[in-house]
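Asks: Shown below is the structure under consideration.
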Amino acid sequence: MGIYKLGHVEARVPDLELAAAYYTEVLGLVEVDRTEDRVYLKAWDEHDHHSLVLKYAPRYGMEYMGWKVESLDDLERFENAAEEWGCIVERVGDHELLATGPGIRFETPSGHNMMLYYLMDQVGNGLPKTNPPPRPLELVGIAPKHLDHLLLTCEDVPETSRFMSEALGFRLVEQIISGEGHQTSAFFERTHTTHDVAFIKGTNGGLHHYSFWLDNISDVMRAADILRLNGVEIEIGPTRHGISRGHTIYFFDPVGIRNEVFTGGYYVDPVQWEPITWTEDQIGKAIFYYEGKLLPSFQGQHS
Ligand SMILES: [Fe+2]
């Protein structure tokens, strides 16, 4: 019962055509649908109708994040839990949003718009259900398999952690603790991976990056080739995180949203898990294990 996966993200983009061209031709997502002001995309191995919505807006950023719940009953339970935390919760009707089942939405204490919803229309992954090959022939660009996680910023990481754990049932997997004992970063899961969403100290409501899953480090190296061949700005990588042990590249889409491709990590025991703690004096290795130091652009909003 409860939230079981990150379903989709709606991103605000000031140039819809430019962003759509990048996300389909370089990142290699599949365009599923479009309206006057939105383009709906999915990664090839996802069965849901979409995992990324590009919405035309003058300023780039994240409009909202959508999380799937296992049952209709979960919606009422989370509605009550969020209201107990002082959130104003709004109901969203079945298919009020394209291809999306009924849900609730509210602003989290971290200032992010969050939607929880039950079911999305299924479009399949392009492979037959009988005797399927391992991949479709027509993949383009990096072609990640699915949307993996979000990294968000907020002013009060400990309060956000309590909300995520107590109201929404997320499990704390790793954290960074300052010399004074304050939690400054927190990584949470619902899928028994190292993180489905993480928070670092920064502006309330901020998006640091969204991340797409690749199967292995060879795919990460190939992604770096494709990014460079297309003249995409790579911020860092291929490299490795200490937190999560994942292999990673950070880069920017053409409107300025940081993207990541990611692989690796480990299984998180859903019953018996003791969170891993990094001390702030080791933050360089925690974020970029090989470099052992933060980039200048990460000072003050690390990870
Ligand atoms: Fe990430």
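Asks: S303 is checked against (1) within 12 Å of the ligand (Cβ to nearest atom); (2) among the polar types (S, T, N, Q); (3) modelled with pLDDT of 95 or more and fails just one. What number does that condition carry?
Replies: The single condition S303 does not satisfy is (3).
Asks: Given the conditions (1) within 16 Å of the ligand (Cβ to nearest atom); (2) of a type in the set (G, A, S); (3) in a loop (DSSP other than H, G, I, E, B), and given that A198 satisfies all but one, which numbered condition is not satisfied?
Replies: (3)
Asks: If I ask for residues that are in a loop (DSSP other than H, G, I, E, B), surrounded by fewer than 19 Cβ atoms within 10 Å (Cβ to Cβ) and of a type outside the set (D, E), which ones from region 90-106 would you list?
Replies: Passing the criteria: G93, H95, L98, A99, P102.
Asks: Another question about this same structure. From the list S178, S185, exactly one residue is closer than 20 Å to M62 by Cα and polar (S, T, N, Q). Which is it?
Replies: S185 is the lone residue from the list that is closer than 20 Å to M62 by Cα and polar (S, T, N, Q).
Asks: If the requirement is being within 16 Å of the ligand (Cβ to nearest atom), over 17 Å from the mean Cα position of the chain (by Cα), not assigned by TED's automatic domain parsing to the domain that holds G86 and not acidic (D, E), which of these qualifies: I217, I243?
Replies: It is I217.
Asks: Run down E260, E274, E291 and say which single residue is in contact with a strand residue (DSSP E or B) (Cβ under 8 Å, 6 or more places away or on another chain), part of a loop (DSSP other than H, G, I, E, B) and among the charged types (D, E, K, R).
Replies: Testing whether each residue is in contact with a strand residue (DSSP E or B) (Cβ under 8 Å, 6 or more places away or on another chain), part of a loop (DSSP other than H, G, I, E, B) and among the charged types (D, E, K, R) leaves just E291.
Asks: Please work out which residue is surrounded by the most Cβ atoms within 10 Å (Cβ to Cβ), limiting yourself to region 225-257 and to residues that are among the small types (G, A, S) and in contact with a strand residue (DSSP E or B) (Cβ under 6 Å, 6 or more places away or on another chain).
Replies: G246
Asks: Moving on to the next point. Of all residues in region 169-208, count the ones that are among the basic types (K, R) and more than 23 Å from N80 (Cα to Cα).
Replies: So the answer is 1.
Asks: Only one of T277, T203, T248 is of a type in the set (V, I, T) and within 13 Å of the ligand (Cβ to nearest atom). Can you tell me which?
Replies: Testing whether each residue is of a type in the set (V, I, T) and within 13 Å of the ligand (Cβ to nearest atom) leaves just T248.
The values are calculated or read from the model by the stated rules, or taken from the named source; none is laboratory data. Nothing here was measured: the structure is a model prediction, and the numbers come from that model. Virtual Cβ from ideal backbone geometry, glycine too; neighbours counted across all protein chains shown.
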